[in-house]
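In what follows, a single structure is set out as structure tokens and then discussed.
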Amino acid sequence: MSIVTDAKGVNAPALVPCAHCALDVPAGLIDAGAERQFCCTGCRTAYAILHEHGLGQYYAFGEKRDTPVRPTGKKYEEFDHEAFHSLYVKPLKGGLCTAELYLEGVHCSSCVWLVERVPLLLTGVVRAELDIRRSRAHVEWDPAVVTLSAIAQQLDVLGYAPHPYRGVAAETMRRKEDRAMLMRIGIAGALAANIMLLALALYSGWFSGMEAEYERYFRFISLMLTIPSLFGPGWLFFQGALASLRTRRLHIDLPIAIALAAGFARGAVNTVSGSGPIYFDAVGTLVFLLLSGRFLQNRGQRAAADAAELLGSLAPDAARVVDDASEREVPVEALLPGMVMLVRSGETFAADGDVVDGRSAVDCSLLTGEPRPEAVDVGSHVFAGTVNLTGQVRVKVTQAGEMSRLGALLRRMEESARRRAPVVQLANSIAGWFVAAVLVVAVATYVYGLRHDPARALDNAIALLVVTCPCALGLATPLAITVGIGRAAKGGILIKGGDAIEALNRPGLILLDKTGTVTEGRVRLVRWEGLDAAKPLVAALERESSHPIAIAVQQAWPVVEVLDASDVHQTVGGGIEGTVGSRHVVVGAPTFVARRTGAAADAPDVRIEAFAEEGLTPVWVAVDGAVVARAGFGDPLRADALPSLNRLRSLGWRVALLSGDHPAVVRSTARRLGIDLADAIGGASPEDKLRRVEDARTRGTVLMVGDGVNDAAAIAAATVGVGVHGGAEASMNAADVYLSRPGLAPLVELVEGAHRTMLVIRNNIIFSVAYNCLGATLALLGMLDPLIAAVLMPMSSLSVVLTSWRSRTFDAVAPVAARVHSSGVVQEEPAA
């Protein structure tokens, strides 16, 4: 082993990169006599598999895996279950099968290369393709040669733990619909382009003259191209118009259909007669633009549902069922109320149920957002998606699958995505009244023309219908919202409805949950008071536990001396004790340590209160019966919390904390964030949060930001509810907006982006109404030729499309660097 000297002159082992992932190999795992070193067993196994099958070129990729391989060790027996196959496996011709799998740990192009080489690793695998954007693998295999569980185990060993990709049937239907719509758009676009070329020739002849036979030829060719455009892709609008008449409710498709029909009819008559303008270029272009706008709108509305399916793919997909003396793995879909699940330490609960045997601590952060585990024993109720941390338990299933608490939350997410913003409803209402007004004015224009200029009466009416077609008004709002939501999604901000965008333009009160929202949502060692010599003893003991406190210790002291612990016993809700070397070590809550050692820390109550004032959880350390150290564990503030809140205040928002944590902890956090202590509310139950949100909403806009089901009722009751990164699967279902990136900077981007989006919408509506009013006035006065109307009409729609598409709505705001000093105070720094 090579030795280097650090800046203090102390000899230390040289850093050695892992041969597979290139991360540093821990000193305890370095094999001095080995040619290649590995940071973990998983990387060693993956390296051996790749070289055994001649896939060493994987290491030639410049961009490749930068995390250790952590196989789960699962057997994936449920992947071979009949219930699993009926849901996720599709038979193919020739006896083959195919399935879609969601893979964890997909990072870059080298992952794609490696996953798609699985057929070389396993006989019987015919094809493997990976969609890196969705982390979805398409696998085809011969079930007579290899099982799906064997394929899943191979992927797991390579570091890509597989899950069934839910929602495949729905996505197949969406693909079919998208293909049909894209086919319509493609046909309409091709026809419109050719019609426009012919129109350019006719316009040129209008200015410089054209022989009659060529003009007649171009007219008839335009007519022949317009017929399939109007009665093929364009028939969609006539169907909408007929539905509008049947329901006796004016719809934007009605004037569009009338304008298309009138323009086509008049153009056909003029083509046959050989005189007058034709409107085929306007008809073809309008069909193409409207179909494109509708496609973009529909795609944007699916974003929330797609996210729900991906979250569902990360939920537990199998359970270990015990029946008498037997034990077997089954898919979640095969679980029924009354079955008994065996859940070991570190595993996720696959269904809701009651504990019938065993004791443990459960990580409920997925549902509650709180990092501290909850103790459970016989009679306790547990939920799907939460993690069993310490002991083995048996759980009697009460609800599973879509009927579980987690399943119900995910199901509600898609329902919330179907709402329309009030501004969209306003635009539709305006369009409805506008439709009625246009029809009345068109009739009046025709009647007036018959009395004063019969030769131009029909042309004037058609010009009015064409130029005032409210397609620009119809596209103004949904297109701007769709583009805004799409760009926000690219930045990790998932907005479920346009109503949230509109509401965010009325500054009011922001209520922030503390844990996981303004803090990092994970336990860290913040303070150590006592002997440094005790650190290796504590680290050795905590290596035997998966408790969050134990994990925080391991993260705080990754290079501390490695010692062995024996006779380790862990008490749920108390602490852990054992023997390290020849010394008896106890680590845990002050009362637990005092009870185990018969000794108490000096003035323990004073120190506990002092730790609480700083928002820290006290943990005492006793060695051989004497308390030798005190540790404070806490949840640090996010680095961007203070600068983000300062920016929100400058935008007119008032900021308050609303948390279930101890009031002293909440007040401490508020002081560091510059929040008035009167607005720092701690010890709030979910019912308290809901009541305060409902009360605040009577006085104005309320933005509730949280990350757990304990915030869900308040989030749903707020004007705009925001779920933040952390308790993702739970909070985003009740929320109007989900921030997939950690920190509060995305919240600032959300508020500023919503303001810019509304500016685009208002400008689009003003432009559309002004354009239509001006066009109607000119047509009514007989000053607008139908040919000019045909040219101007698609230009209005195109202007709205380009304005919305090119708008800078959710461009990332300039970053503000921040740091958290040892004192816990966050200070802003100018971004480099």
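The values are calculated or read from the model by the stated rules, or taken from the named source; none is laboratory data. Everything numeric here is computed off the predicted structure, so don't read it as measured data. Glycine also receives a Cβ, built like all others from the backbone with ideal geometry; neighbour counts cover every protein chain displayed. All accessible areas refer to the heavy atoms of the entire protein, side chains included, with ligands and DNA or RNA removed. Shrake-Rupley method; radii C 1.70, N 1.55, O 1.52, S 1.80 Å.
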Would you please give the FRET efficiency between I551 and R762, computed as 1/(1 + (r/R0)^6) with r the Cβ-Cβ distance and R0 = 51 Å, to the nearest 0.05?
-> 0.55
Work out the FRET efficiency for R527 and D564 from their Cβ-Cβ distance, taking R0 = 41 Å, and round it to the nearest 0.05.
-> 0.90
From Cα coordinates alone, what are the radius of gyration and Dmax values for the range 71-132 in angstrom?
-> 13.0, 34
Heavy-atom SASA rank of W433, W235, W206, W113 (probe 1.4 Å, accessible area, largest first) = W433, W206, W235, W113
Tell me the GluC sites (Glu not before Pro) within the range 186-258 that lie in a loop according to DSSP and have at most 11 other beta-carbon atoms within 10 Å.
-> E211
For the range 659-723, what is the charge dipole size about the Cα centre, in debye to the nearest 20, if Lys and Arg each add +1 at the Cβ and Asp and Glu each add -1 at the Cβ?
-> 180
Cβ-derived FRET efficiency at R0 45 Å, W805 paired with R456, nearest 0.05 = 0.75
What is the sum of charges around A192, taking Lys and Arg as +1, Asp and Glu as -1, for the other residues whose C-beta is under 15 Å from the C-beta of A192?
-> 0
Measure up K90/K176; K75/K396; K74/K535; K176/K496; K496/K689 against 26 Å on the Cα-Cα distance and list the ones that go over.
-> K74/K535
Top to bottom by accessible area (1.4 Å), largest first, where do F84, F264 land?
-> F264, F84
If each of N646 and H662 carries a label point 7 Å out from its Cα toward its Cβ, how far apart are those two points in nm?
-> 3.0
Summed side-chain charge close to E52 - residues other than E52 whose Cβ falls under 15 Å, Lys, Arg +1, Asp, Glu -1 | +3
Judged on accessible area alone, 1.4 Å probe, highest first, H81, H755, H569 line up as H569, H755, H81
Counting Lys and Arg as +1 and Asp and Glu as -1, what is the net charge of the other residues whose Cβ lies under 13 Å from the Cβ of G652?
-> +3
Figure the gain on full extension for R741 and F231 (residue separation times 0.36 nm, minus the Cα-Cα span) and round it to one decimal in nm.
-> 178.9 nm
